[in-house]
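Take a look at the structure set out below.
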Amino acid sequence: MNTSHLLSQDRIPGSEILLRSLLLEGVECIFGYPGGSILNFYDEIYKNNELRHYLARHEQGAIHAADGYARATGKVGVCVVTSGPGATNLITGIATAHIDSVPLVIITGNVPLSMIGTDAFQEADIVGMTMPVTKHSYFVRDVNDIARTIREAFYIANTGRKGPVLVDIPKDVTAKETTFVWPEAVSLPGYQIRRDIDEPQIDDLLAALGQAKHPVLLAGAGVMHADASNELIKFAEKSGIPVVTTFLGLGGFPSQHPLWVGMPGMHGSYAANMAIQQSDLLISVGARFDDRLTMNASRFAPHAEIAHIDVDKAEIGKNIPTRYPVIGDVKHVLNYALPKVSSLPTATWLETIAEWKSSHPLRYQDSEEVLKPQWVIELLHRTTKGEAFITTDVGQHQFWTAQYYPFTRPRSLISSGGMGTMGFGLPSAIGAQIGNPDALVISINGDGGIQMSSHELAVCAIHHIPVKVVVINNEVLGMVRQLQEVAFEERYSEIDLSGSPDFVKLAEAYGVKGLRATNKTEAEQVWQEALAVKGPVLVEFVVPSSENVYPVVPGGKALHEMMLGDDEK
Amino acid sequence: MNHHHTVAILVNDHPGVLQRVSALFNRRGFNIDSITVGPSEQPGMSRMIIVTLGDDRIMHQVINQVEKLIDVVNISILSEEPLVARELALIKVEAEPVKRPEIMTLAETFRATIADVSSDSLVVQIVGDTEKIEAMIELLTPYGILQICRTGVTAIARGRKPF
């Protein structure tokens, strides 16, 4: 992009400085919602023709869209809203991005400096409120600080362990004029990104590999963040070490690869969970030992020494004691290790794993009378060859997607893993589609979560964003129902979603095509029709309420203590 | 095993930095026994001294999590090396004129000073490590303590060690 017209040192208002700074950071689109305190900036949006703005229908939709854009593209997602409720409506979205290390820059307007602290109309201390869920935040008091702040915010958001950065700007600061100067470099003495790697640490790990009989690579979302999927594949192939991928690590290692074992954890496969429990050297590659992965942490991988490669030093030993820490960017670490690692004698170990896979595959009771949700996910996979971008909401459909849609490439699964935020599925798909306009993007939702953001269908309709919105409708909050069935002796409390709208009519009300299927024949037919639609489409699959996600490791149990199916209830 | 640790944190002198550090301690479940902040020898930077309670694993987490804050330039555990640790206390004691000499002698023994005298009270100012201050308070208690204000511990490494 030619940026000379942007760099010109004109005397311009803060709002234009803000716009130019975003353009100089390479931003092509932003997601937002206007209001009083951010009006100066929205006047710049009106005047400019270089930056596309997508008007969400709720601020939470805007930030999830920015999040989906960032996860799908690897670029920084940008969200702009006004002060007070505009800003506070973002908090769930900020927390969602923060826990999953997604790079976002969030710009909030605030009341004029002279009104700060007076409980003015739509005044909220958003910097204070979001401190625990941002990587960093700024309150900009001086128009001369806007350009530097934006530059720093993008740098911080998208380096090291990535994350959301919030920039709060009072209205009068965007109105004041000053001479635009784009800083040539950032200077942050308290934020030094380690570019080097600690070679002896990696050498120690490589030496340990030589002794291991049952090594396992545990690949997490860090593989995606570091763009290290190819390096991981090469490392696994050269060493012969099998790979399990965490939920957010799915796609970081191709599921059709013979060395891929599966996804471990609460709803992990038998083979993946057993591989971890029998492992004698477990190497985390950008995974953070989340509690839904480890389950009972004191009985996690009981025979294994733990190695942990992570860009964030604070993750080492946070949840699981670590014998071989390796601090650094996963890609750099693997590139260093690759020429040094030798082929390990893992043939017997791989045979054991292959036996687990064939003796205990993922399974469900299929039916010809009713649609099974797992079968629906298999249908989506079969018809898209596993090559679509899939976003999910949160609940049972999320884990059926993880299990029955084998992912083949990085960034193709977009889901709220750490925060488990309902309402994420549709807006994140909008962002993913905007970032990949020619790709097939499917948003898989439950009938609960879709109602937390179904208003964003308006964005799909008005901008012709061709997301395929799938609603797996079981007429209950299924994951809660499952927990109440197992842990609360079938006392089903407040899970009945009766009164939900007719989803086909809801889609049509927005001018989006709506389709429904209640059996396999209809499902095949309407899904083909949906794929042929050029624009957005909503497809409702009506499934039974009583279907559970298996395998499941009950709370407090170790990974090998799975319930594999209904028959073990 | 839980121990008290004295941590020195060099931070940018920006608004909200104290909040960032204390919020992080709170969120991660780290304890703060005392906290002091003041300008450092470097322009634009302040030094915080935090006394915290935790075992080795928690201290490791404290250091790594605090280090991640963008406004934190440096953090070190002072109490791993020889250090000088001091706090200041102002203790207001009931003191009828007849009791004054006795209290003043007591203060003198502790190298404390009398910061204020009124008709029926004294303010004793004492600087020292935490144990010394507690001992002073204990000895003054029988006279009737009206108020205690303590700064919390500030500390510095012995010798030429920069931090």
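The values are calculated or read from the model by the stated rules, or taken from the named source; none is laboratory data. Given the structure is predicted, the values throughout are model-derived calculations rather than measurements. Please note: Cβ atoms are built from the backbone with ideal geometry, for glycine as well, and neighbour counts cover all protein chains shown. Heavy atoms of the whole protein, side chains included, go into the accessibility calculation; ligands, DNA and RNA do not. Shrake-Rupley method; radii C 1.70, N 1.55, O 1.52, S 1.80 Å.
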Checklist entry - Which is open to solvent by 30 Å² or more (accessible area, probe 1.4 Å), of a type in the set (Lys, Arg) and within 11 Å of another protein chain (Cβ to nearest Cβ), of A:Arg141, A:Arg148? => result A:Arg141
Item to check | Failed item in (1) within 14 Å of chain B (Cβ to nearest Cβ); (2) in a strand (DSSP E or B); (3) not hydroxyl-bearing (Ser, Thr, Tyr), with A:Ile320 passing the rest | outcome: (2)
Next on the checklist: Going residue by residue through region A:442-456, is there one that turns out to be open to solvent by less than 20 Å² (accessible area, probe 1.4 Å), over 29 Å from A:Pro132 (Cβ atoms) and charged (D, E, K, R)?
Outcome noted: yes
Item to check | Residue, nearest to the other protein chains (Cβ to nearest Cβ), within region A:272-305, restricted to residues that are open to solvent by 10 Å² or more (accessible area, probe 1.4 Å) and aliphatic (A, V, I, L, M) | outcome: A:Ala297
Item to check | Test for B:Met45: is it over 26 Å from A:Ile320 (Cβ atoms), within 12 Å of chain A (Cβ to nearest Cβ) and surrounded by 18 or more Cβ atoms within 10 Å (Cβ to Cβ) | outcome: yes
Checklist entry - In region A:476-521, what count of residues is obtained for those that are free of Cβ contacts under 8 Å to residues at least 60 places away in the same chain, in a helix (DSSP H, G or I), open to solvent by less than 30 Å² (accessible area, probe 1.4 Å) and under 30 Å from A:Met266 (Cβ atoms)? => result 2
Checklist entry - Checking A:Glu387 against (1) touching a Lys or Arg at 6+ places or on another chain (Cβ under 9 Å); (2) among the charged types (D, E, K, R); (3) within 30 Å of A:Ile430 (Cβ to Cβ); (4) free of Cβ contacts under 8 Å to residues at least 24 places away in the same chain, which single condition isn't satisfied? => result (4)
Checklist entry - Can you find a residue in region A:534-550 that is aromatic (Phe, Trp, Tyr) and within 30 Å of A:Ala272 (Cα to Cα)? => result yes
Next on the checklist: Tell me whether region A:363-384 contains one or more residues that are open to solvent by 40 Å² or more (accessible area, probe 1.4 Å), assigned by TED's automatic domain parsing to the domain that holds A:Gln277, free of Cβ contacts under 8 Å to residues at least 60 places away in the same chain and under 25 Å from A:His257 (Cα atoms).
Outcome noted: no
Checklist entry - In region A:243-262, how many residues are in contact with a strand residue (DSSP E or B) (Cβ under 6 Å, 6 or more places away or on another chain), in a loop (DSSP other than H, G, I, E, B) and open to solvent by 10 Å² or more (accessible area, probe 1.4 Å)? => result 1
Item to check | Odd one out for B:Thr105, checked against (1) on the phi < 0 side of the Ramachandran plot; (2) outside any helix (DSSP H, G or I) | outcome: (2)
Checklist entry - Looking at this structure, is A:His332 of a type outside the set (Lys, Arg), within 14 Å of another protein chain (Cβ to nearest Cβ) and not in a loop (DSSP other than H, G, I, E, B)? => result no
Item to check | Given (1) touching a helix residue (DSSP H, G or I) at 6+ places or on another chain (Cβ under 7 Å); (2) within 14 Å of another protein chain (Cβ to nearest Cβ); (3) over 30 Å from A:Gly14 (Cβ atoms), index of the condition A:Arg194 fails | outcome: (1)
Next on the checklist: Could you list, ordered by first residue, the pairs with Cβ atoms under 7 Å in which the first is in region A:89-106 and touching a residue at least 40 places away in the same chain (Cβ under 8 Å) and buried (at least 21 other Cβ atoms within 10 Å of the Cβ) and the second is in a helix (DSSP H, G or I) and among the basic types (Lys, Arg), at least 6 apart or interchain?
Outcome noted: A:Val102/A:Arg71
Checklist entry - Regarding A:Arg151, is this residue in contact with a helix residue (DSSP H, G or I) (Cβ under 9 Å, 6 or more places away or on another chain), part of a loop (DSSP other than H, G, I, E, B) and assigned by TED's automatic domain parsing to the domain that holds A:Val27? => result no
Checklist outcome for this item: The one condition B:Gln147 fails out of (1) part of a strand (DSSP E or B); (2) open to solvent by 20 Å² or more (accessible area, probe 1.4 Å); (3) in contact (Cβ under 8 Å) with a residue 60 or more places away in the chain is (3)
Checklist entry - Which residues, taken from region A:544-560, are open to solvent by less than 60 Å² (accessible area, probe 1.4 Å) and either assigned to a loop (DSSP other than H, G, I, E, B) or without any contact (Cβ under 8 Å) to a residue 12 or more places away in the chain (or both)? => result A:Pro544, A:Ser545, A:Glu547, A:Asn548, A:Val549, A:Tyr550, A:Pro551, A:Val553, A:Pro554, A:Gly556, A:Ala558, A:Leu559
Item to check | Scan of region B:56-95 for residues that are within 12 Å of another protein chain (Cβ to nearest Cβ) and open to solvent by 20 Å² or more (accessible area, probe 1.4 Å), ordered by number | outcome: B:Asp56, B:Arg57, B:Ile58, B:His60, B:Ile63, B:Glu67, B:Lys68, B:Leu69, B:Val73, B:Asn74
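Sort through A:Ser343, A:Ser367 and tell me the only one that's closer than 18 Å to A:Val243 by Cβ and not in a helix (DSSP H, G or I).
The match here is A:Ser343.
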Checklist entry - Name the residues in region B:1-42 that are in contact with a helix residue (DSSP H, G or I) (Cβ under 8 Å, 6 or more places away or on another chain) and either within 12 Å of chain A (Cβ to nearest Cβ) or among the hydroxyl-bearing types (Ser, Thr, Tyr) (or both), would you? => result B:Thr6, B:Ile9, B:Val11, B:Gly16, B:Gln19, B:Arg20, B:Val21, B:Ala23, B:Leu24, B:Phe25, B:Arg27, B:Arg28
Checklist entry - If we only count helices (runs of 4 or more DSSP H) wholly inside region A:2-70, which ones have 3 or more residues that are within 13 Å of A:Ala147 (Cβ to Cβ) and either modelled with pLDDT under 95 or among the hydrophobic types (A, V, I, L, M, F, W, C) (or both)? => result A:14-24
Checklist entry - Right, A:Ala337: free of Cβ contacts under 8 Å to residues at least 12 places away in the same chain and touching a helix residue (DSSP H, G or I) at 6+ places or on another chain (Cβ under 8 Å) or not? => result no
Checklist entry - Condition test on A:Thr118, is it open to solvent by 30 Å² or more (accessible area, probe 1.4 Å) and either touching a Ser or Thr at 6+ places or on another chain (Cβ under 8 Å) or away from chain B (no Cβ under 14 Å) (or both)? => result yes
Checklist outcome for this item: By residue number, the members of region B:116-144 that are in contact with a helix residue (DSSP H, G or I) (Cβ under 9 Å, 6 or more places away or on another chain), under 25 Å from B:Ile35 (Cα atoms) and either open to solvent by 60 Å² or more (accessible area, probe 1.4 Å) or modelled with pLDDT under 95 (or both) are B:Gln125, B:Val127
Next on the checklist: Taking the condition of being in contact with a helix residue (DSSP H, G or I) (Cβ under 9 Å, 6 or more places away or on another chain) and over 17 Å from A:Gly449 (Cα atoms), how many residues in region A:498-517 meet it?
Outcome noted: 9
Checklist entry - How many residues are part of a helix (DSSP H, G or I), open to solvent by less than 10 Å² (accessible area, probe 1.4 Å) and within 14 Å of chain B (Cβ to nearest Cβ) when one looks only at region A:155-186? => result 2
